[in-house]
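Okay, so here's the structure we're looking at.
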Amino acid sequence: MKIVMLEAATVSKNDVSFEDIYRLGEVREYPLTPVDKITEYVGDAEAVLCNKTPFTSEVMEECPNLKYIGLCATGFNNIDIDAANRLGITVCNVPAYSDSAVAQQVFSFILHFSNRVGEYDGFVHDGGWVRSETFSAFDFPTTELEGKNLGIIGYGRIGHAAAKIARAFGMNVIVNTRTAKQDNTVKFVSFEQLLSESDFITLHCPLTPETNGLINMDVLKKCKPSAVLINTSRGAVVNEADLAAALNGGIIAGAGLDVLCEEPMNPANPLLTAKNCVITPHVAWAPIDTRRRLMKAAAANLSAYINGNPINTVN
């Protein structure tokens, strides 16, 4: 089988092996694929592995040999699924490979705001502790997590993983989800109650027409002024201009973001200069362990397809 990897650089910095893919056929590998080169790079391949490369109906129609698209990701909104169905192309994703990693990132943001380690480290290295008159220079207020409310919007696998960590810290977990769940370790509440009671709000909902811009100024005004918003789901769930205005206006206390509407980040994004806004470049999913797990799963998906028993199909 002829296989093309279109975005190798998005999953490896020469630290993740692709040997499991190479065992499955004749492989061509590209670090990245410009939009105007997709059909050229795919060529006569029967299978492609990609991450964010857009496969429109037009692209797929221009690749007559293409029978399999394997995503090195969970999301598949870059694939025209209707066209893939019409053209008989199997599309497979990798679900649930980064649950622990993303939940860990959520708590890195929470601990940033509650313990302020970065600010204290800067204070010490700038000579603040050397100049201190007391043995404990608690110039930056910190807070305990025990007893605080973590509000989780969307309660899939990552939401569950975040809730598990929160309970270990002694936090109260309140959840708003569109799908009823049976879980007596958390409290299910309305969207409005979650906003008004949460000390930290973490987003774990998919991007849909209903959730696009879900977090806007009207919503943010219903939160505690001391609340911190965390987004590791999809950037467009948050209205970025409204969030920047809310942060600058003291409507909420802080935000931790790993995803934005436009990636890489637009230099004009108002969040870049917003107060108390911590931004990481879409890396919650990217620990070395997680990326290795991802590629093992992507290879297993392709192998199952080759053997006539496709798994993790999304169409």
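The values are calculated or read from the model by the stated rules, or taken from the named source; none is laboratory data. Nothing here was measured: the structure is a model prediction, and the numbers come from that model. Positions of Cβ are generated from backbone atoms using ideal geometry, with glycine treated the same way; all protein chains shown enter the neighbour counts. The protein model used for the area step is the full one, side chains on, heavy atoms only, and it has no ligands, DNA or RNA in it. Shrake-Rupley method; radii C 1.70, N 1.55, O 1.52, S 1.80 Å.
Counting only heavy atoms of the protein chains, get the accessible area per residue of the stretch 275-315 (1.4 Å probe) and round it to a whole Å² value.
53 Å²
Hey, with R₀ at 41 Å, roughly what FRET efficiency would Phe135 and Arg178 work out to, going by the Cβ-Cβ distance, to 0.05?
0.20
Simple spin-label model, 7 Å along Cα-to-Cβ: Asp82 to Asp44 in nm?
3.3 nm
In whole Hz, with x marking every Gly and Pro, tabulate ³J(HN,Hα) for the stretch 71-86 from phi via Karplus 6.51 cos²θ - 1.76 cosθ + 1.60, θ = phi - 60°.
Result, rounded to whole Hz: 8, 8, 5, 8, x, 9, 6, 8, 10, 6, 5, 4, 5, 4, 4, 4.
If packing is taken as the average count of other Cβ atoms within 10 Å, what order do 298-305, 286-293 fall into, highest mean first?
Result, highest mean Cβ count within 10 Å first: 298-305, 286-293.
Can you compute log10 of I(q)/I(0) for the stretch 86-177 with the Debye formula, treating each Cα as one identical point scatterer, at q = 0.15, 0.20, 0.21 Å⁻¹?
Cα-only, vacuum Debye calculation for the stretch 86-177: -0.72, -0.95, -1.00.
Magnitude of the Cβ-charge dipole of the chain, K/R +1 and D/E -1, about the Cα centre, nearest 20 debye?
Charge dipole of the chain: 780 debye, to the nearest 20.
Per residue of the stretch 29-34, in order, report the coupling 6.51 cos²θ - 1.76 cosθ + 1.60 (Karplus, θ = phi - 60°) as ³J(HN,Hα) in whole Hz, putting x for Gly and Pro.
Along the stretch 29-34, the couplings run 10, 10, x, 9, 10, x Hz.
Based on the inverse mean of 1/r over its pairs of different Cα atoms, what is the Kirkwood hydrodynamic radius of the stretch 1-40, in Å?
Result for the stretch 1-40 stands at 10.9 Å.
On a straight-distance basis, which lysines could pair with Lys222 in a cross-link, Cα separation under 30 angstrom, same-chain partners fewer than 8 positions away excluded?
Straight-line reach from Lys222, under 30 Å: Lys148, Lys164, Lys181, Lys187, Lys275.
Please give the solvent-accessible surface of Asp82 in Å², to the nearest 10, using a probe radius of 1.4 Å with every protein chain present.
Solvent-accessible area, nearest 10 Å²: 120 Å².
Over 5 Å intervals from 0, what percent of Cα-Cα pairs in the stretch 131-199 sits in each interval?
Result returned by the calculation: 4, 16, 24, 19, 11, 6, 6, 5, 5, 3, 1, 0.
List the relative contact order of the stretch 18-155 as a percent without decimals, with contacts defined as Cα pairs under 8 Å and 6+ residues apart.
Relative contact order here is 15 percent.
Calculate the spin-label point distance for Ser17 paired with Asp121, positioning each point 7 Å from the Cα along the beta-carbon direction, and give it in nanometres.
Rounded to a tenth, the inter-label distance reads 3.2 nm.
Taking N as the number of residues in the chain, what value does Rg over Cα atoms divided by 2.2 N^0.38 Å take?
Ratio of Cα Rg to 2.2 N^0.38 Å: 1.13.
D for the stretch 1-81, whole µm²/s, Stokes-Einstein with Kirkwood Rh over alpha-carbon pairs at 25 °C and 0.890 mPa s: what number?
This corresponds to a translational diffusion coefficient of 193 µm²/s.
At 1.4 Å probe size, with the rest of the protein present, what percent of the exposed accessible area of the stretch 1-50 is carbon and sulfur atoms?
Result for the stretch 1-50: 49 percent of the exposed heavy-atom area is carbon or sulfur.
Quick one: which residues, 5+ away or cross-chain, put their amide H under 5 Å from the amide H of Thr74? H built at 1.01 Å from N.
Val94
What aspartates and glutamates does Lys52 reach when the alpha-carbon gap must be under 16 Å and sequence neighbours fewer than 8 apart in one chain are set aside?
Cα-Cα hits under 16 Å: Glu7, Glu29, Asp36, Asp80, Glu262, Glu263.
Within the stretch 104-177, what whole-number % of the accessible surface is contributed by carbon and sulfur, with the 1.4 Å probe and all protein chains included in the calculation?
55 percent
Give me the 1.4 Å probe accessible area per residue for the stretch 15-160, excluding ligands and nucleic acids, in Å².
That works out to 52 Å² per residue.
So if each residue of separation counts as 0.36 nm, and I subtract the Cα-Cα distance between Ala245 and Thr208, what length gain in nm does that give?
This chain segment gains 10.9 nm when fully extended.
Points 7 angstrom from Cα along the Cβ direction at Asn315 and Asp36: gap in nanometres?
For Asn315 paired with Asp36, the spin-label model returns 2.6 nm.
Apply the Karplus curve 6.51 cos²θ - 1.76 cosθ + 1.60, θ = phi - 60°, to the phi angles in the stretch 175-191 and return the couplings in whole Hz, x for Gly and Pro.
Coupling constants for the stretch 175-191: 10, 10, 9, 6, 10, 4, 10, 9, 7, 8, 8, 10, 10, 8, 9, 6, 4 Hz.
According to the Cα gyration tensor, what semi-axes, each the square root of 5 times an eigenvalue, does the equivalent ellipsoid of the stretch 247-315 have, listed from largest to smallest in whole Å?
39, 13, 11
Among DSSP beta bridges whose residues both lie in the chain, state the antiparallel percentage, nearest 5.
That works out to approximately 5 percent antiparallel.
Based on the Cα gyration tensor of the stretch 183-283, what are the three equivalent ellipsoid semi-axes, each the root of five times an eigenvalue, rounded to whole Å and given largest first?
Over the Cα atoms of the stretch 183-283, the ellipsoid semi-axes are 21, 16, 12 Å.
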